[in-house]
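A short write-up of the structure that comes next.
What follows is calculated from the coordinates using simple rules that are stated; it is not laboratory data. Just so we're clear, the structure is a prediction, and the values are computed from it rather than from any experiment. A quick note on method: Cβ atoms are made from the backbone with ideal geometry, for glycine too, and the neighbour counts reach across all protein chains shown.
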Amino acid sequence: MQCETGNQTVRKWGLRVAIMAFSWSLLAGGETFAQTPSTFSQDFRLWAPIFMTAKLPNSFLAHLEIQPRFADLDEDGHIDQLLIRPAVGYQLTENLSIWQGYAWVGNYNQRHTPPQSPFFEESRIYQQILYSRKFDSFKVTSRTRLEERWIEHVDGTAVRFRTGLRGAYTLPMAPEWALVASDEVFVHLNTVGARGPQAGFDQNRFFIGVNRTFSKYFNMDVGYQNQLLNSRSIPNLANQLNHMILIQFFINI
């Protein structure tokens, strides 16, 4: 009997985690749908974010995201959100970096009744810890973020915690390709008025797809993302499930 190497063990556990996360995401959505058919809604969407990261002198880093998000693709289709998110970071070690950033969020075509506008803005600042490590053909990335949010029409500061894990397995027969799976959980830490976020579970995003590396400066993901949301129309219950095509572009200079 042959003994497993450390890298073989990592790859096997990575695959198991990805399968378990995907199964949990589908089961959670199906259970919620079965329990609340009259209040549970679904939508088909497209997200196409661009991530740009640059190394600066003295271990500093710069980052910029532009994220257009489209909704109701199975009907008329329209832009739902636009995020612009710059940040500065510092590389503490080869695998660990810390970040401070800002985000502007434009929310378009929202279903509100007059006099409230179908467009509203949000501003955020956030702090982030990013850890990334490669084990032969398997790369693991962990991102933990704390956000302070100021939402139009909402009094006060909403605080949200989010943490995610991403795994990428490079295909030995085609090293420019990798299988990718990730999961990220969002939790509101406080309650902000009757019209603002309520403390508790906010959403979960699960992604599975492929990554294609074109050069050391550019790569991209293509795949399916499942977004399970608590829209608060019923307290303490996830009641929105979005199925989306996710195309992510990564530029590193």
_Label zone at LEU171, where the point sits 7 Å out along the Cα-to-Cβ direction: the range 194-214 residues whose backbone N lies under 14 Å_ = 209-214
*Amide H contacts of PHE120 (H built 1.01 Å from N, under 5 Å, at least 5 apart or other chain)*: ASN107
_Within a 10 angstrom radius of the beta carbon, how do ARG45, ARG133, ARG166 rank from fewest other beta carbons to most?_
ARG133, ARG166, ARG45
*Give a residue-ordered list of calculated ³J(HN,Hα) values for the range 199-207 (Karplus: 6.51 cos²θ - 1.76 cosθ + 1.60, θ = phi - 60°; whole Hz; x for Gly, Pro).*
4, x, 4, 9, 6, 9, 10, 10, 10
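Which of the peptides 240-252, 73-85 is most tightly packed, and how do the rest follow, judged by the mean count of other Cβ atoms within 10 Å per residue? Don't skip to the end; give the middle numbers.
Values: 240-252: 17.4, 73-85: 14.0.
Descending packing order for the listed peptides: 240-252, 73-85.
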_If packing is taken as the average count of other Cβ atoms within 10 Å, what order do 145-153, 58-66 fall into, highest mean first?_
145-153, 58-66
*³J(HN,Hα) across the range 104-109 via Karplus (A = 6.51, B = -1.76, C = 1.60, θ = phi - 60°), whole Hz, x for Gly/Pro?*
10, 10, x, 9, 10, 6
